[in-house]
1. Would you calculate the separation in nanometres between label points at Asn173 and Leu136, each defined as 7 Å from the Cα along the Cα-to-beta-carbon direction?
2. If I stretch the segment between Asn213 and Arg36 completely, what's the gain in nm (0.36 nm per residue apart, minus their alpha carbon distance), one decimal?
3. List the pairs from Lys78/Lys156; Lys130/Lys191; Lys123/Lys160 whose alpha-carbon separation is above 23 Å, in the order I gave them.
Amino acid sequence: MLRETKLKLEDKLWATENQLDSVQKLLNNARYRERRYRTEAARLKNLLEGFESKVDSLQKAYDEIAVSSGATLAEYRKQIEQLTTERNNLANKVQHSSKQSVKPAKENGMALFAVNIQATSGKIYQGRFKTITRALLADRIRVIFTLTRAPSSNEKIVIKLFDSSNQEIALINDYQNKSGSLTATQQLIIKPAIDAPQKFSRGNYSIRLFLSNTKQGIQNQPIGIGEFSLH
């Protein structure tokens, strides 16, 4: 009986060791994928910063030419729109990689990104937001996004609106009254600071979220992007 009990215990020990080995392999694979995603996110972030520098330089040249002559403005605007599209596509890749790299952790140790960003144009109709894609009628944008964690007291999130030529459109900053209490999931309505009845023109637009952290010295770090079109 003792021998039989010993054999059973050895079988259980062997099975337990096999299970432990399998769990360790799964853990190692998860850690490998996490490192890979973090490396890819860092690489894409560097590419994004390079694109932003190119867009800014081209935008500066465009502005200088606009002051003196309109002869080559169409060519520069086309280049800016192409670079802006590439920049937005790259920002989306950074956003995806950043999302994949996030894992459960203590709140203060987790990177803050905005994911699953939805930007929808529309207006208020009978007290509710109504989706409208006609540039003539839309006067505001509803932005829905999920944060990887709630911001700390030192962190501030700013939303900016850009057109297809990378020109920033000023916003009425009443939405920022809520930014201090942003939770992990948020829905905000933003409005262009434009006095004219028509707030938008036809074309593509991007909503970009930026993070500032006074304690860590972070200023306007891109953390997410969403896009929408008007016709």
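1. 3.5 nm
2. 61.1 nm
3. Correct reply: Lys78/Lys156.
Read-outs: derived from the displayed coordinates by stated rules, not from any lab. All values derive from a computational prediction rather than experimental measurement. In this analysis, Cβ positions are derived from the backbone assuming ideal geometry, glycine residues included, and neighbour counts consider all displayed protein chains.
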